[in-house]
Structures are given as structure tokens and as C-alpha cells.
Amino acid sequence: MEYITLSTPPFPYFIHAGSALYRPGDRHRRRSNLNVFDIIFVEYGDLYMSDGENSYHLAENDALILHPNRTHYGYKNCSAETYFHWLHFYTTGEYTYSNSIKNESYDPYKANVYTISSSNIVIPSFQTLTQDRGTTLLNLLKQVEMVKINKYYPHENSSQAHKGILFYQELLMKILSLIIPNSDTASHNNIAYATLNYLQSHYSDNVTLSDLGNFLNVHPVHIIRCVKREYDVTPNQLLTDIRIKNARNYLLKSSLTCSEIAEMTGFSSPSYFSKVFKRVEGVSPLEYKSINTRDNQKPPAISG
């Protein structure tokens, strides 16, 4: 798990923002050395991104910050219609990447009214936000949106008028505050975030606690404790949630069969997939698809 440490002041500044609607079969184009940080937040669908040597599968409420000087690209086509929001920002200050959160202590005796206190902003390069935080982030991103890209109509992209740099800068600070982990819980967040990142990248595999322990070089019992404290579930429950979340998306956004979805989401058999899905959602996969497809096809109500 990578963390970005931004030294402040100076504070990061807003550059540009927008959204993109991809069709099934589309993928993000290859880009290199943009010299900006690029926040990507998925509203719905699947986005498969490589950032240098790191690969990520983004789904609903996933946020990724691409490195300013790496090559990034879509390593796989979208399996379903995908809508994501992006924001470019940068800093003239120093920044570093590391695999852990490095806490810093503030010494009030070294600060006075005649000096500017420095501090670090530490952000995970990839994370899944809670539903509440994801909704808040989405509303902020929509406010700073300046261009909309629609792959269904590639020659009809729309843009909005510029609202003034202070407006965008204020919202950038709010956006960053939403994706910065609480420093009070940084030590076990480090393990929890790394576990989440690993499970999101390997949910289609037969993942065990031993695999997690070997990957993180941490005892499985400590992993369970950290994940439970951060997400209030066990790693196995977290893995099941990730698998079901992706299964729901495949059911609604693709024509894949239940057997294909079961295999792609890491379930040992279609029957076990159906059993777990019904336990979590209250209905079978086919019933879930039928109910939600039918609701989406209802004609609008006639008023008056």
C-alpha cells in the first residue's frame, strides 16, 4: 500500500476536474508524465488502472491518486458501463511516496507567531470510502466539474464556465480532508488499508489469512484485529463484501452468466455463490438482476 506525503506549506492547488462515462469495452488511454496528481473516483462500474508497476481494480466508492510522473493506463477493458470523476491538482512543495504512514509530532514550543509551522498531509494512493464519505466526495467533485466526457457521444463533450480559483481551491481542501486518514489511528490503519487493497486486487483468487500474513509480513491475528477495529468486520467478511459488491455490479451491468460471475468473483462454485449472495442480499442473484432490471425499465410517471 502506497502513501503520498505532501509537505505543507505550500498547500496543493487545484488545476482541472471533470467526469467520464465509459461504455463496456472502453479503457483509459495511456498517458505519461503529466506532472499533476490525478484523483479518480468511481461512481459506478469497473475501471482497471495501472500506475507504473501498480495495478488497481476500481469499483463503486473507490478512490485512486495517480502519480504525477508515472505512466498510467487502463490495463483491461471496462466490463460494464462505468462513470468516474477526476480531479487534477499539484504542489510546488516536496512530496514523497512510501509504504507506511509516518506520523509526525507537533511541538508547540518550537512554534510562535513569527514563524510558519510546517506539517505533512498523508494520503493513501488507493482506498475505498464508506458510503457516507463517498456520497460527500461525489457531491464535492460534481461542484468542481469543468468538463464532461461521454464515450457514447465522443464529439459532444460538454464544459462548464470557470467559477474562480478561490471557489475551486476551497473545495479541493475539503476533498483532500475526506481522503486523509485519521492520524490517531494511523498505525493500525496502515495494516487495514493494506489488507483492503490486497483483497480488492485479489478477490477473484482463493485468498487465505496465511496469504495476507505472508504478503504483509504480519501475524494473521494482528491483521484480524486491525481490520476489525477499522472496518468492524473480519478479513473474511471484508472479502465477502468485496466479492458481493463486484457480483452485484456484474449482474446489473453485464450479460455474464451466474457461473461466469461466480468464477470472476472468487467463489468456489455457482451454488456457493448463490447461497452467499442470497444470505447477504436476501434474494438469489437472478432475482436480484430481475428486480433491479425491471425497476430501471419502468416508464416515468405521468403527472397532471
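Read the figures in this text as sums done on the coordinates, not as results from a lab. From a predicted model like this one, the values you see are computed outputs, not experimental measurements. All Cβ positions, even for glycine, are placed from backbone atoms using ideal geometry, and neighbour counts span all protein chains on display.
Counting beta carbons within 10 Å around each of ASP241, ASP205 and listing the fewest first gives the order ASP205, ASP241.
Among ASP232, ASP38, ASP51, which one shows the highest mean-square fluctuation when the chain is modelled as a Gaussian network with alpha-carbon springs under 10 Å? So, out of ASP232, ASP38, ASP51, the one fluctuating most is ASP232. Here the 3J(HN,Hα) profile of the range 26-41, calculated from phi with Karplus coefficients 6.51, -1.76 and 1.60 at θ = phi - 60°, is 7, 8, 5, 6, 7, 9, 9, 6, 6, 6, 9, 6, 10, 7, 10, 10 Hz, Gly and Pro shown as x. Rg and Dmax of the range 121-265, based on Cα coordinates, read 19.0, 54 Å.
Remark: LEU199, LEU58, LEU216 ranked as LEU216, LEU58, LEU199, counting other beta-carbon atoms within 10 Å and listing the fewest first.
Scalar couplings 3J(HN,Hα) for the range 119-128, obtained by applying the Karplus form with A = 6.51, B = -1.76, C = 1.60 to θ = phi - 60°, are 7, 10, 9, 10, 10, x, 5, 9, 7, 9 Hz; x denotes Gly and Pro. The equivalent ellipsoid of the chain has semi-axes of 34, 27, 17 Å, largest first, where each one is the square root of 5 times an eigenvalue of the Cα gyration tensor. Shape of the range 3-181 from its Cα gyration tensor (a ≥ b ≥ c, root eigenvalues): rounded if a/c is under 1.5, otherwise prolate when a/b > b/c, or oblate? It is prolate, given that a/c is not under 1.5 and a/b is the larger ratio.
Computed log10 I(q)/I(0) for the range 186-296 at 0.15, 0.18 Å⁻¹: -0.66, -0.86, from the Debye equation with unit scatterers placed on every C-alpha and solvent omitted.
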